[in-house]
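Chemist: Below is the structure I would like to discuss, written out as structure tokens.
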Amino acid sequence: MFTHPSKDIAGTKGEELKGKHVALCITGSVAAVQCPEIARTLMRHGAEVFAVMSPMAQKIIHPYLMEWATGNAVVTELTGKIEHVALAGEHPTKADLVLVAPATANTISKIACGIDDTTVTSVVSTAFGSNISIIIVPAMHQSMYNHPILTGNIRKLNALGVEFVGPRIEEGKAKIAETKDILDAVIRRLAVKQDFSGMKVLVTAGSTCEYIDPVRVITSRSSGRMGVAIVEEALSRGAEVTLVYGLGKAVPPLEALVVSVETTKQMLEAFVSELESKKYGLVIAVAAAADWAVEKPYSYKVSTHKLRSLDLRLKPTRKIIDYVKKASPKTFLVAFRAEYKLSKKDLIGSGYKRLLEADAELIVVNDVGKKGVGFGTETNEVFIVDKEKKVVHVPLAPKREVARKILDVVNEKIKPK
């Protein structure tokens, strides 16, 4: 038996869903066009995906497309193979999750009322009886989403343990949630033990900027992706997360409380305010805050037509991690440090010295001079160093995978002995 070529992408972005089977149930919303992306995103994180399409969904996208996307045969009707039972019946090889995405108002109300007249509703009905987790991702016009009977049906399904993701209310429509948000919901539901359940976690991420004049700044190349990956991972493991976020390209998850800042001074003030006002068990300082600020910024735009050169006097900014133990002595601190083209020995030595200076429990160091590591990349390679100078090496991997390894090490340190 050959392996379908479409399955070559399995696990390329992470293995959080490795060994998990997801029944992706597609209904007759125009948002069905996003289902190949949803399926392949789940596959890139290790899931095996089986598509189930209602008759109306098949009028929007062809089943061949979903067969290509998943590498598996698509359920388009119920036959003597009793496909709904094969996928969601009470047996050892049943699906781990039924994901209805997109879900129309019609299908949501049918599910709430126990109506079972399409491939999708049959699979969902069977899943209820087999205690399989169910996630529904609505997509419809906003006026339909606001229908009181529909909202009542959503509350009814919530009470039965069904999770809803989204929708995004835009342009008068209740649009399907972003694929990333759907992925996060699936990972939270399936993949991760809740080893940080109830813990308050404070994360800094992104870069900060320091003004030269009102329109020009000094900053770093940090994209914020590593910090946001840690936020996503912490949330998936049950933590309550606050993110103090500077400048960055990565979009924080909706479940995080985000405090937006620009300058290093603003980040420090927001950071200390959070530490003093709430009891955080864990701080992970990922942000690449600007190390230097202009001593006397110009109050006007400096024109290159009038000056042949521009001399700036810089002063060091205050180090944010140096304030953690002052504000909250019992908080577990994970510091980050980026270096450039150092040997492994010097990289670890530099990190260890900074760990001691900040009184951190762990420090994560990387060499941003290496290809695919650190700023602006989707991947990272890090060394995690503790106070005994024990080192855990995380080889080059997607940043979400690196985040998982970092929190694994944190969990080993903080769990009761």
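The values are calculated or read from the model by the stated rules, or taken from the named source; none is laboratory data. In this text the structure is predicted, and so the values were computed from the model without any measurement. Don't worry about glycine lacking a Cβ; one is built from the backbone with ideal geometry, like all the others, and counts go over all protein chains shown.
Chemist: Test of understanding: among Val228, Val251, Val283, Val241, which residue is touching a residue at least 40 places away in the same chain (Cβ under 8 Å), within 21 Å of Gly206 (Cβ to Cβ) and not in a strand (DSSP E or B)?
Modeler: Going through Val228, Val251, Val283, Val241 in turn, the sole match is Val251.
Chemist: Scan segment 321-328 and tell me whether some residue there is out of contact with any Cys (no Cβ under 8 Å at 6 or more places or on another chain), buried (at least 16 other Cβ atoms within 10 Å of the Cβ) and either among the polar types (S, T, N, Q) or not assigned by TED's automatic domain parsing to the domain that holds Val244 (or both).
Modeler: Among the residues of segment 321-328, at least one is out of contact with any Cys (no Cβ under 8 Å at 6 or more places or on another chain), buried (at least 16 other Cβ atoms within 10 Å of the Cβ) and either among the polar types (S, T, N, Q) or not assigned by TED's automatic domain parsing to the domain that holds Val244 (or both), which makes the answer yes.
Chemist: Here's a check for you: in segment 338-365, which residue that is in a strand (DSSP E or B) and at pLDDT below 95 is surrounded by the most Cβ atoms within 10 Å (Cβ to Cβ)?
Modeler: Step by step, filter segment 338-365, then rank; the result is Ala338.
Chemist: Report yes if some residue within segment 226-234 is surrounded by fewer than 18 Cβ atoms within 10 Å (Cβ to Cβ) and in the same structural domain as Leu333 (by TED's automatic domain parsing); otherwise report no.
Modeler: no
Chemist: Considering only segment 292-299, I want to know if a residue exists there that is in contact (Cβ under 8 Å) with a residue 12 or more places away in the chain, in contact with a Ser or Thr (Cβ under 7 Å, 6 or more places away or on another chain), assigned by TED's automatic domain parsing to the domain that holds Phe375 and outside any helix (DSSP H, G or I). Let's see the steps before the verdict.
Modeler: First, the residues of segment 292-299 that are in contact (Cβ under 8 Å) with a residue 12 or more places away in the chain: 292-299.
Keeping just the survivors that are in contact with a Ser or Thr (Cβ under 7 Å, 6 or more places away or on another chain) gives 292-293.
Checking the rest, the ones that are also assigned by TED's automatic domain parsing to the domain that holds Phe375 come to 292-293.
Narrowing the set further to residues that are outside any helix (DSSP H, G or I) leaves 292-293.
Yes: segment 292-299 contains one or more residues that are in contact (Cβ under 8 Å) with a residue 12 or more places away in the chain, in contact with a Ser or Thr (Cβ under 7 Å, 6 or more places away or on another chain), assigned by TED's automatic domain parsing to the domain that holds Phe375 and outside any helix (DSSP H, G or I).
Chemist: For Val402, are the conditions met, namely being under 28 Å from the mean Cα position of the chain (by Cα), under 25 Å from Val251 (Cα atoms) and either loosely packed, with under 14 Cβ neighbours inside 10 Å or at pLDDT below 95 (or both)?
Modeler: When the stated conditions are applied, Val402 passes them.
Chemist: Return the residues of segment 165-181 that are over 30 Å from Ser220 (Cα atoms), touching a helix residue (DSSP H, G or I) at 6+ places or on another chain (Cβ under 6 Å) and buried (at least 17 other Cβ atoms within 10 Å of the Cβ); say none if nothing qualifies.
Modeler: Result: Val165, Lys173, Ala174, Ile176.
Chemist: Residues in segment 19-32: is at least one in a loop (DSSP other than H, G, I, E, B) and within 19 Å of Thr93 (Cβ to Cβ)?
Modeler: Going through segment 19-32, the residues in a loop (DSSP other than H, G, I, E, B) turn out to be 19-20, 27-29.
Applying the additional criterion that residues be within 19 Å of Thr93 (Cβ to Cβ) yields 19-20.
There is at least one residue in segment 19-32 that is in a loop (DSSP other than H, G, I, E, B) and within 19 Å of Thr93 (Cβ to Cβ).
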